[in-house]
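The values are calculated or read from the model by the stated rules, or taken from the named source; none is laboratory data. Here the structure is a predicted model, which is why all the values come from computation and not from measurement. Positions of Cβ are backbone-derived with ideal geometry, glycine not excepted, and every protein chain shown enters the neighbour counts.
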Amino acid sequence: MKSLGSIKRISLDERLGLTSFNSDNESHIEVDNERCLLCKTKACLYVCPTKVYYLKDNKIYFNYQACLETGGCIVACHKLGNKGITWKYPKGGFGVIFKYG
Amino acid sequence: MPDADVIIVGGGLSGLSAAYKLASIGRNVILFERGEYPGSKNVTGGRMYLHAIKKLLNIPVEQMPFERFVTREVVTIMDEFRSFSIELNSYEKGKYQSATVLRAIFDKWFASLAEEKGASIITKTKVDDLYLEDGKVKGVIVANEKITSNIVLVSEGVNSFLPLKLGLRKEFEANYLVTSAKAVIELGEEEIDKRFNLKKGQGMAQIFVGMTKGVTGGGFLYTNRETISIGVVCLLESLVKNKTSIADIFEDFIYHPVLEKILEGGRMLEYSGHLIPVKGYSMIPKLVYDGLLISGDAAGFFLENGPIFRGMDFAIESGSLAAEAIEKALKEGDYSEKKLSIYLDLLNNSFVLKDLKRYKNVPKVMQNERLYKLYPSIINEIFYDFFTVDGTTKPSLISYLKNKTFKHINPIVILKDIVQFLLYS
Ligand SMILES: Cc1cc2nc3c(=O)[nH]c(=O)nc-3n(C[C@H](O)[C@H](O)[C@H](O)COP(=O)(O)OP(=O)(O)OC[C@H]3O[C@@H](n4cnc5c(N)ncnc54)[C@H](O)[C@@H]3O)c2cc1C
Ligand code: SF4
């Protein structure tokens with residue numbers, strides 16, 4: 001039998017390193033932190049499989065290059081948050097490239 | 001003259017089904033796909049129920065790039081330390097209903113078939129908008145340029161941005177959508193056969209509940225040929241309400257003791273995520289408009305009924321029915337909403353709308369939070385206690401329920417949930 005690697009606790013960063021991207025140098029995401037300041041739920045923090053959005057010193061930061069393009073953040077932010085997110089698909093050919101899917 | 005008879009937005013299963021069918025009868029079709037290649041943006045659980053693809057393609061399913069044919073179904077109800085499973089095995093030879101699939105591989109193959117038939121598939125190209133003349137759809141806008149056609153088919157998947165812009169659907173609420181986190185893990189073909197008690201080529205589909213920390217959702221595990229697909233699905237609304245991250249639910253799930261021996265030694269190859277439209281019949285948009293039709297996930301065609309997930313057979317069937325409607329309209333040179341409404345008749349006569357109507361109340365049942373924590377823990381507790389022998393004498397079943405189970409929940413509530421389940425499922 002061929003030898004198999006290990007699945008010992010893989011962190012989110014390591015998981016992300018396994019997925020292929022062709023990252024644009026322009027972001028397809030924008031966040032208006034004036035809106036976030038007044039946002040009670042911070043919905044964006046919970047719905048993203050790669051935690052693109054994170055909270056630091058009361059501000060929302062985001063790492064658009066880790067985006068798997070689900071689109072879940074827009075609906076969560078606009079319906080349960082304070083509409084801070086502007087989001088569109090990356091330009092054609094950019095963004096995530098699933099090899100298995 | 002327009003640039004094409006038909007423009008299709010999106011090279012997933014639905015758009016490709018339509019492209020394949022229209023190109024086969026000689027129509028000039030342009031399909032735009034924003035990804036590097038068809039399939040590169042697409043994620044499923046998953047397993048495809050085969051009836052629709054069999055009808056569309058004249059190829060034995062054994063020759064399609066499926067992973068394994070499902071012969072073993074498992075539903076596992078979990079709590080923190082225990083699991084309780086129900087299992088169905090089918091040993092009838094050659095009678096496969098469904099097959100596991102990896103979409104980046106399958107969609108790429110399917111696209112090459114459509115191209116062989118003559119469809120132009122243009123990848124790495126995002127459609128930014130629809131192009132309208134006198135309020136009628138006449139093409140699309142790509143990189144500030146208009147490309148024209150008699151009819152546009154929108155098969156852009158769950159986010160369904162173009163129909164929203166045109167006012168054909170309302171904004172999604174946070175309980176219309178489930179999001180997912182998934183990994184593909186390599187174990188090797190023989191190892192999978194052994195670990196899951198499968199013969200070569202046969203596969204397992206397993207659904208889990210009770211491992212989402214009370215969030216409405218569940219887990220899945222599908223065996224591919226050499227890998228397994230494993231992941232979690234959670235309702236957006238419920239993640240936010242419970243202040244729990246889908247990424248964390250995923251991580252805790254794959255390291256749950258139930259999976260420890262199953263995944264041992266596996267090598268993770270990819271991590272992915274995607275939305276699913278789960279509100280069923282009530283989220284379907286207006287499906288036709290002058291010069292335009294909508295199919296697949298973009299039309300909200302998805303059905304969840306307990307452990308059964310169906311989006312791919314709906315995507316394929318609605319794509320091919322859209323192609324049929326489009327062909328009729330092209331023949332008559334009439335692209336009006338009225339003419340294109342034959343699509344609705346075709347859908348109404350097919351399993352697509354029949355099933356979505358039949359199960360229209362299921363989302364109500366599925367969005368009952370008790371299903372995801374309370375009931376799984378009660379079931380595990382009851383069975384654990386049932387199997388416990390420790391030298392003490394057990395009370396009668398009724399006094400057990402009274403003293404233990406009904407302390408967690410009022411029996412009237414259970415009764416109500418059962419009635420709702422029977423009425424709606
Ligand atoms: C985790 C998970 C588990 C699932 N499990 C199952 C299962 O077991 N069985 C089952 O039957 N179904 C399952 N489904 C549902 C199933 O995957 C979908 O219903 C199906 O993929 C829908 O196909 P589609 O062609 O409509 O959309 P998609 O496959 O999403 O295709 C849409 C395509 O359009 C492209 N696109 C989008 N916008 C643009 C644009 N503006 N310009 C150009 N291209 C664009 C995208 O890149 C994509 O290729 C599951 C889904 C998920 C996420
Ligand atoms: S949910 Fe939207 S408004 Fe609220 S913090 Fe996140 S991005 Fe800002």
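Just so you know, in region A:46-70 the residues that are touching a Ser or Thr at 6+ places or on another chain (Cβ under 8 Å) and within 16 Å of ligand 1 (Cβ to nearest atom) include one that is nearest to B:V240 (Cα to Cα), and it is A:V47.
Taking the numbered list (1) in a loop (DSSP other than H, G, I, E, B); (2) more than 7 Å from chain B (Cβ to nearest Cβ); (3) in contact (Cβ under 8 Å) with a residue 24 or more places away in the chain in turn, A:N25 passes all entries but (3). In the set (1) more than 15 Å from ligand 1 (Cβ to nearest atom); (2) not assigned by TED's automatic domain parsing to the domain that holds B:G118, B:G26 fails one condition alone, (2).
Residue pairs whose Cβ atoms lie under 7 Å apart, separated by 6 or more positions or on different chains, with the first residue in region B:108-132 and at positive phi and the second hydrophobic (A, V, I, L, M, F, W, C) and more than 14 Å from ligand 1 (Cβ to nearest atom), are B:G118/B:A23. Would you please name the residue that is farthest from the chain's Cα centre (by Cα), looking only at residues in region A:53-64 that are under 21 Å from B:F250 (Cα atoms) and either modelled with pLDDT under 95 or within 14 Å of chain B (Cβ to nearest Cβ) (or both)? Within region A:53-64, the match that is farthest from the chain's Cα centre (by Cα) is A:L55.
So, B:P277, is that one touching a strand residue (DSSP E or B) at 6+ places or on another chain (Cβ under 7 Å), within 16 Å of ligand 1 (Cβ to nearest atom) and away from chain A (no Cβ under 14 Å) or not? So B:P277 fails the test. Criterion first (in a loop (DSSP other than H, G, I, E, B), more than 17 Å from A:I97 (Cα to Cα), within 14 Å of chain A (Cβ to nearest Cβ) and away from ligand 2 (no atom under 16 Å from the Cβ)) does B:P65 satisfy it? Judged against the criteria, B:P65 is a match. Residues in region B:224-262 that are modelled with pLDDT under 95, buried (at least 20 other Cβ atoms within 10 Å of the Cβ) and facing chain A (nearest Cβ under 8 Å): 1 in all. Against the list (1) within 12 Å of chain B (Cβ to nearest Cβ); (2) more than 16 Å from ligand 1 (Cβ to nearest atom); (3) out of contact with any Gly (no Cβ under 6 Å at 6 or more places or on another chain); (4) not β-branched (V, I, T), the condition A:C39 fails is (3). For region B:110-150, residues that are aromatic (F, W, Y) and over 26 Å from A:H28 (Cβ atoms) total 1.
Pairs are defined by a Cβ separation below 8 Å, a sequence spacing of at least 6 or placement on different chains, a first member in region B:26-39 that is on the phi > 0 side of the Ramachandran plot, and a second member that is assigned to a loop (DSSP other than H, G, I, E, B) and more than 6 Å from ligand 1 (Cβ to nearest atom); the pairs so defined are B:G26/B:G118; B:G39/A:F98; B:G39/A:G101. Residues considered: B:L344, B:L269, B:L293. Of these, the only one that is part of a helix (DSSP H, G or I) and either at negative phi or surrounded by 24 or more Cβ atoms within 10 Å (Cβ to Cβ) (or both) is B:L344. Of all residues in region A:71-83, those that are within 13 Å of B:S238 (Cα to Cα) and more than 16 Å from ligand 1 (Cβ to nearest atom) have Cβ atoms under 8 Å from Cβ atoms of residues that are of a type in the set (F, W, Y) and in a loop (DSSP other than H, G, I, E, B), 6 or more apart or on another chain, in A:K79/B:F172. Among the residues making up region A:81-99, those that are at the interface with chain B (Cβ under 7 Å from one of its Cβ atoms) and surrounded by fewer than 23 Cβ atoms within 10 Å (Cβ to Cβ) are A:Y89, A:K91, A:G92, A:G93, A:I97, A:K99. The residue of region A:35-52 that is surrounded by the most Cβ atoms within 10 Å (Cβ to Cβ), among those that are touching a residue at least 24 places away in the same chain (Cβ under 8 Å) and either under 12 Å from the mean Cα position of the chain (by Cα) or not in a loop (DSSP other than H, G, I, E, B) (or both), is A:V47.
Note on region B:95-196: enclosed strands (runs of 3 or more DSSP E) holding 2 or more residues that are within 16 Å of ligand 2 (Cβ to nearest atom) and either crowded, with 17+ Cβ neighbours inside 10 Å or more than 8 Å from chain A (Cβ to nearest Cβ) (or both) are B:177-186.
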